[in-house]
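Written below as structure tokens is the structure these notes are about.
Every read-out reported here was derived from the displayed coordinates using simple, explicitly stated rules and does not represent laboratory data. Please read these numbers as outputs of a predicted model, since none were measured by experiment. As a convention, Cβ positions derive from the backbone with ideal geometry for all residues, glycine included, and neighbour counts pool all protein chains shown.
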Amino acid sequence: MNGIEHFKLAISKYADFSGRSRRSEYWYFVLFYFSILMAVTFAEGLLFNTAFTYVVGFLFFIIPYFAVAVRRLHDIGKSGWYYFLIVIPLVGPILMLIWLCTDSQYGLNKWGPNPKGEGNGQPGSSDLPGDLSRHLIADDLAEKSF
């Protein structure tokens with residue numbers, strides 16, 4: 001999936017605060033969001049010397065931004081409410097940056113399956129080599145039967 005597809009995916013989940021989002025979906029959304037906003041603001045500043053379009057663009061993208069940020073926190077096993085820590089001076093933004101750069105939590109968590117497909121209990125989703133994962137799953141199921 002390329003950057004534009006990640007941006008479209010985030011926009012298609014405009015106000016979806018459930019589920020999980022990969023790092024690439026979050027960071028491509030942020031890249032395109034700020035690029036579009038800055039380009040429009042620059043062009044408008046040259047032509048009209050106002051910030052009206054910036055404000056409209058900011059308001060339009062604020063809900064999908066928070067939605068993708070919350071889903072990103074879900075992906076590392078944190079509640080979306082943790083995003084409010086960003087208001088704590090210095091510590092909050094640094095902590096949020098670390099969390100937003102953290103790799104996905106392996107497998108299922110309470111917000112859903114891993115968007116990478118790793119450890120979701122699906123065939124071929126394990127990181128174990130070859131048939132080893134099938135044997136381990138079969139052995140585990142055999143131990144739990146009756």
Tell me, in nm to one decimal, what length is gained between Y106 and E5 on full extension, where the rule is 0.36 nm per residue of separation less the Cα-Cα distance?
34.0 nm
For L85 and F52, what does the FRET efficiency come to when R0 = 30 Å and r is the distance between their Cβ atoms, rounded to the nearest 0.05?
0.40
Length gained when the stretch L31-E44 is fully extended (0.36 nm per residue, less Cα-Cα span)
2.7 nm
Derived scalar couplings ³J(HN,Hα) [segment 92-97; Karplus, 6.51 cos²θ - 1.76 cosθ + 1.60; whole Hz; x for Gly, Pro]
x, x, 5, 4, 5, 4
Excluding Y82 itself, what net charge comes from residues whose Cβ is under 13 Å from its Cβ, given Lys and Arg +1 and Asp and Glu -1?
+2
Positive minus negative residues near S21 (Lys, Arg vs Asp, Glu; Cβ under 10 Å)
+3
Let me check I've understood the local charge: for M1, count other residues with C-beta under 13 angstrom from its C-beta, Lys and Arg +1, Asp and Glu -1. What total comes out?
+2
Taking segment 1-126 and dividing mean pair separation by its residue count, relative contact order in percent (alpha carbons under 8 Å, at least six apart):
26
In nm, spacing of pseudo-spin labels at F66 and K116 (7 Å Cα→C-beta vector):
2.9
